[in-house]
1. For the subset of the stretch 367-385 comprising residues that are within 24 Å of the chain's Cα centre (by Cα) and assigned to a helix (DSSP H, G or I), which member is surrounded by the fewest Cβ atoms within 10 Å (Cβ to Cβ)?
2. Which of (1) modelled with pLDDT of 95 or more; (2) in contact with a strand residue (DSSP E or B) (Cβ under 7 Å, 6 or more places away or on another chain) does GLY92 not meet, given it meets every other one?
3. Quick one: which of ALA196, ALA221, ALA186 is of a type in the set (A, V, I, L, M, F, W, C), free of Cβ contacts under 8 Å to residues at least 12 places away in the same chain, surrounded by fewer than 23 Cβ atoms within 10 Å (Cβ to Cβ) and farther than 21 Å from PRO292 by Cβ?
4. For the stretch 14-42, give me each residue that is assigned to a helix (DSSP H, G or I), among the polar types (S, T, N, Q) and touching a Ser or Thr at 6+ places or on another chain (Cβ under 6 Å).
5. Please list, ordered by residue number, the helices (runs of 4 or more DSSP H) wholly in the stretch 105-224 having 2 or more residues that are under 16 Å from the mean Cα position of the chain (by Cα) and either at pLDDT 95 or above or farther than 30 Å from ARG84 by Cβ (or both).
6. Looking at the stretch 114-137, can you tell me whether even one residue there is small (Gly, Ala, Ser) and either in contact (Cβ under 8 Å) with a residue 60 or more places away in the chain or surrounded by 14 or more Cβ atoms within 10 Å (Cβ to Cβ) (or both)?
7. So TYR332 passes all but one of these: (1) of a type outside the set (Gly, Ala, Ser); (2) farther than 19 Å from CYS158 by Cβ; (3) in contact with a Gly (Cβ under 6 Å, 6 or more places away or on another chain). Which condition number does it fail?
8. Here is a check on your reading of the model: is GLY272 in contact with a Phe, Trp or Tyr (Cβ under 6 Å, 6 or more places away or on another chain) and either on the phi > 0 side of the Ramachandran plot or among the charged types (D, E, K, R) (or both)?
Amino acid sequence: MPYTFQIKTLGCPVNQHEGRALAEVMTAAGFKETKDTADIYIINSCAVTGAAAAEARRLAAKAKRENPGALVVLTGCYPQVYGRDIAARLSGVDMLTGTTGRSRLPELISRRLAGENTERLLVTAHRPGEAFEELPQPSRYGRTRPVIKIQEGCDESCTYCVVRLARGLPRSLEPAGVLARVRHLAEKGNREIILAGTHLGTYGKDISGWNLARLIREAGALPGDFRLRLDYVEPMDLTYELLEAIATSTKVCPFLYLPLQSGSNRVLEKMGRRYTADDYARLVEAARKLIPGLAVWTDLIAGFPGETAEDHQQTMFLVRQLAFSHLHVFPYSPRPGTTAASFPGQVAPDVKKKRVQELRALGEELSLEFYRGLTGKKVQVLVEKVADGAGEGHSEHYVKVRFPAIAPELRGSLVPVRVLSARPWGVAGRRLPANPGGGAL
C-alpha cells in the first residue's frame, strides 16, 4: 500500500499554487493524497506575519497530536527563514524544508521513511543567479481560477518584510513556459487565470527583452474565451507601459492590487518604500484615466513602529481620497531578523487594534461605494457555485456577484449579469441572455 499524505497550505496565491504543485509531485512519486488520517502531513507555510507562523506551528502540533506515528513536514517560507529556531522549539516536526529544491520533497521523504536520513533541518539558502524552479502546473487546482506562478524573489529592502530572505532574488519563468501554461489552461476550459509572483512587477528582469507588459500582451493575444487577472503589483513597478498594456487588452481584468502600506511619507520612508504618498496617488490617477471602471485594491500596515496619530490620520485621508474598492489591513507584526523589529517606538497593541478597526471600517464603507457604482452596469461573472436557486461568482473587478440560477453546469463559465443592487458583501443582479455574437443583450 502506498504511503498517504495530506498537505495544508497557508498564505498567498503563490503558496497556494505551490501547495497544489507539491501534491502533484508527491502523487507522481507514488504517494496517495487523502482527506483521512495520513502517514505524512505536509504544512506549506507562510512567514509574512506572526499570525501565519503561529498557524503553521498549530497545524504541525495538531497533526502530530492526532497521529503520533505520522511524519510531519514543515516546508515553505517559515522554515526557510527561521528553520533553526523552529527545529529548537518544535520537537514534533520531523522534517523542515524551505523554498529551494521543492521538487526533491518526495525523495527526501522517501529517504526519511526508509531510515536513510534522520536529519531534521534540510533547508538550503538561496543564492545569487539561481534559476527559477519550475514545478508542474497543478491538474486539480480546487478553485475556479487557477494560478500560474510566473515569478519568484524580491530585490527590495522593505524594513518590515522577510520575503527577500524567504524567496531570494527575482527570477522568472521563461515566457514560452508561461504562454504554454496559459494556453493549456484555456484549452481545458478555465475562464479566468491568475498570473502571480512574490514581486510580480519584476517579471522579465532576468530575461533580455521581456517584462510584465510584454508578457500580458502576448498572453492576451492567445485564442480562447478566458480572462487574465494580475496578482499584486508593487507601486515601484507600475509603469505607463504596463498600464497601457492592461488598458488595451481585451483579456486582462480592470483590476489592480497595488500595496500602499501607509499614507504617511514619514512612515513610508521608515518602511523602505521607494515612493511618496503623492507618487502613489498620481499612479492611481493615471491608472484610472487609462482603464475605465478600474477596481483598485491595496494593503495597509497599521501601527508601524513610530507611527503617530497624525500619521494614521494621513493614511485615513489618503485612503478615502483614493476610494479603493477593497482594503487588506494588517496590524504591524514584528518579524525577527528584519530591521523594523528593532525600531524604537513600537505601537501599543490596543492603539494598533483601534487603528486596524478604523481602517477596516473605512474599507467597508469604500467597498460599498464601489459596489453602488456598479448598479445598472453589465458585468462578466465567473460562476464559482450554484446552490439554493442562486449563482455566485466574481466580476472582472473581483466583486462578489449573486444572481438567480438553477443550472449547476454554469459553474466555471463566464456569464453576463446586470447589476441591480449593492449589498455589504457585493452586488446582486440578473443574468443576461447572450446574443449570437457572444456578447450580452
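The values are calculated or read from the model by the stated rules, or taken from the named source; none is laboratory data. These numbers come from a predicted model, not from an experiment. All Cβ positions, even for glycine, are placed from backbone atoms using ideal geometry, and neighbour counts span all protein chains on display.
1. We begin by selecting, within the stretch 367-385, every residue within 24 Å of the chain's Cα centre (by Cα); these are 367-368, 370-371, 379-385.
Next cut, assigned to a helix (DSSP H, G or I) only: 367-368, 370-371.
Details: SER367: 21, LEU368: 15, PHE370: 19, TYR371: 23.
Ranking the qualifying residues of the stretch 367-385, first place goes to LEU368.
2. (1)
3. Values: ALA196 fails: free of Cβ contacts under 8 Å to residues at least 12 places away in the same chain; ALA186 fails: free of Cβ contacts under 8 Å to residues at least 12 places away in the same chain.
Going through ALA196, ALA221, ALA186 in turn, just one is of a type in the set (A, V, I, L, M, F, W, C), free of Cβ contacts under 8 Å to residues at least 12 places away in the same chain, surrounded by fewer than 23 Cβ atoms within 10 Å (Cβ to Cβ) and farther than 21 Å from PRO292 by Cβ: ALA221.
4. We begin by selecting, within the stretch 14-42, every residue assigned to a helix (DSSP H, G or I); these are 14-28.
Imposing the further condition that a residue be among the polar types (S, T, N, Q) reduces the set to 15-16, 27.
Answer for the stretch 14-42, where residues must be assigned to a helix (DSSP H, G or I), among the polar types (S, T, N, Q) and touching a Ser or Thr at 6+ places or on another chain (Cβ under 6 Å): ASN15, GLN16.
5. 163-167
6. Taking the stretch 114-137 and keeping what is small (Gly, Ala, Ser), we get 114-115, 125, 129, 131.
Next, only the ones that are either in contact (Cβ under 8 Å) with a residue 60 or more places away in the chain or surrounded by 14 or more Cβ atoms within 10 Å (Cβ to Cβ) (or both) stay: none.
No: the stretch 114-137 contains no residue that is small (Gly, Ala, Ser) and either in contact (Cβ under 8 Å) with a residue 60 or more places away in the chain or surrounded by 14 or more Cβ atoms within 10 Å (Cβ to Cβ) (or both).
7. Exception for TYR332: condition (2).
8. No; evaluated as a whole, the condition is false for this residue.
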